[in-house]
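Contents: one structure, followed by commentary.
The values are calculated or read from the model by the stated rules, or taken from the named source; none is laboratory data. These numbers were taken from a predicted model, which means no experiment stands behind them. Cβ: placed from backbone, ideal geometry, glycine included. Neighbour counts: every protein chain shown. Just the protein is used for accessible areas: all its heavy atoms, side chains included, with ligands, DNA and RNA removed. Shrake-Rupley method; radii C 1.70, N 1.55, O 1.52, S 1.80 Å.
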Amino acid sequence: MLLTHATLATMTDRPDFVEDAAIQLEGERIAWVGPMSEAPVRDGSVNLGGRLVTPGLIDCHTHLVHGGNRAREFKMRLDGASYEEVAQAGGGIVSTVRATRAASEADLLSSALGRLDRMLAEGVTTVEVKSGYGLTVADELKLLRVARALERARPVTVHATLLAAHAVPPEFKGRADDYLHEVCIPALHAAHAEGLVDSVDGFCEGIAFSPAQIERVFVEARKLGLPVRLHAEQLSNLGGAALAARHGALSADHLEYLDAAGALAMAEAGTVAVILPGAFYTLRETQPPPIDLLRQHGVRMAVATDCNPGTAPMTSLPLAMNMACTLFRMTPDEVLAGVTTHAAAALGLSDRGRIAVGQRADLAIWEARDPAELSYRIGATPLYARIHGGRLDA
Ligand code: DI6
Ligand code: FE
């Protein structure tokens, strides 16, 4: 397939914005990129009439697979309850755990496909999917199996993350260490043995797990050769980002309460900062993540939806880009890198996120000319077409 008369945001270091360009796809890969004047002449080329082409979008942090919803908790928080208060009252993550345990694999697949389809309609070609609402060995594996099934059901690449260290379930209340020993670590070994897991995440927070507890999980993950990532510094500063960096984490996510030492540790380890404005917005958080500090240290920033029923009931990655610009003053260029090349880095993937020879032919084609048009609109995504692995969506 030869795409002609395209405007490219290549997300490479070389001239990033190329007008009147062509891209040749061969199989699943990009075989050639360059100016129209040098394009290999071919029948059956697709004339894009100057439309913008970006790498396919990568949503590198989602909790896409879950049962039920949290509209009741939304009302409680509007009446003044905090996220922590709702969690302590038996709501929050644990209420989604109840709904998720009660759901069959088929139910979970069908509700997740509904959300996934909305993501694909906005240009996503790779999505990370976390477990974390099962919290038994069997239920965590159930969620990871659904994550794998999504990839077979739709033209998308799924990166599956075990987040068994998400919350302490009611049956282990006050016994977080026992939970890690009896559920989290065994789930890790079982998921790895079945090839169901690509990385390991945790929630390091007062209402979840301490740094020392997260470290136990990370040590086990690293023994299995699995990369780690962490929900860190979302509601308070426990030094989670620095802990993650010490374990060579691919990413540390949220980071509203990140300090200079954490940012420095991330820079040294090459850990990507995943910015999640949807959760910030939903929780009516007032402290934004320290974007300037991350810039100063040269920490790569990704942007993701955090799609989850509690703190980010959203599927739109372009809306997350818009929020990151408006709420955090990230630039349109930064947020585009945040959903392409830096999001790929957050998943440890070097074969996507840029338009260059040899990269996967995962592309989004937009009814737009200027990349800023992707992040400036609210609730209207100008996707024209999507290509995953060289195949144009029907
Ligand atoms: N932080 C989040 O924003 C999500 N998980 C996490 O550790 C929220 C999960 C939920 O409230 O259901
Ligand atoms: Fe999350």
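Of the heavy-atom accessible surface of segment 1-156 (probe 1.4 angstrom), what whole percent is carbon and sulfur? It would help to have the intermediate numbers written out before the result.
On the way: 3320 of 6500 Å².
Answer for segment 1-156: carbon and sulfur cover 51 percent of the accessible area.
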Percent of C-alpha pairs per 10 Å bin, the chain, short to long
5, 25, 33, 24, 10, 3, 0
0 to 90° range, to nearest 10: angle between helix 93-102 axis and the chain longest Cα axis
80 degrees
If you project the alpha carbons of segment 274-394 onto the principal axes, what extent comes out on each, in Å, largest first?
42, 32, 28
Build a GNM of the chain with springs between Cα atoms under 10 Å: which of L374, L135, L327 gets the top mean-square fluctuation?
L327
If we sort 90-97, 297-304 on the protection proxy, mean other Cβ atoms within 10 Å, highest first, what's the order?
297-304, 90-97
Roughly how big is the chain's charge dipole about its Cα centre, with Cβ charges of +1 (Lys, Arg) and -1 (Asp, Glu), in debye to the nearest 20?
520 debye
Computed over the chain, protein heavy atoms only, probe 1.4 angstrom, the accessible area per residue in square angstrom equals 38 Å²
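Going highest first, how would you order 378-388, 263-273 by mean Cβ packing within 10 Å?
Working: 378-388: 16.6, 263-273: 22.2.
Ranked by mean Cβ neighbours within 10 Å, highest first: 263-273, 378-388.
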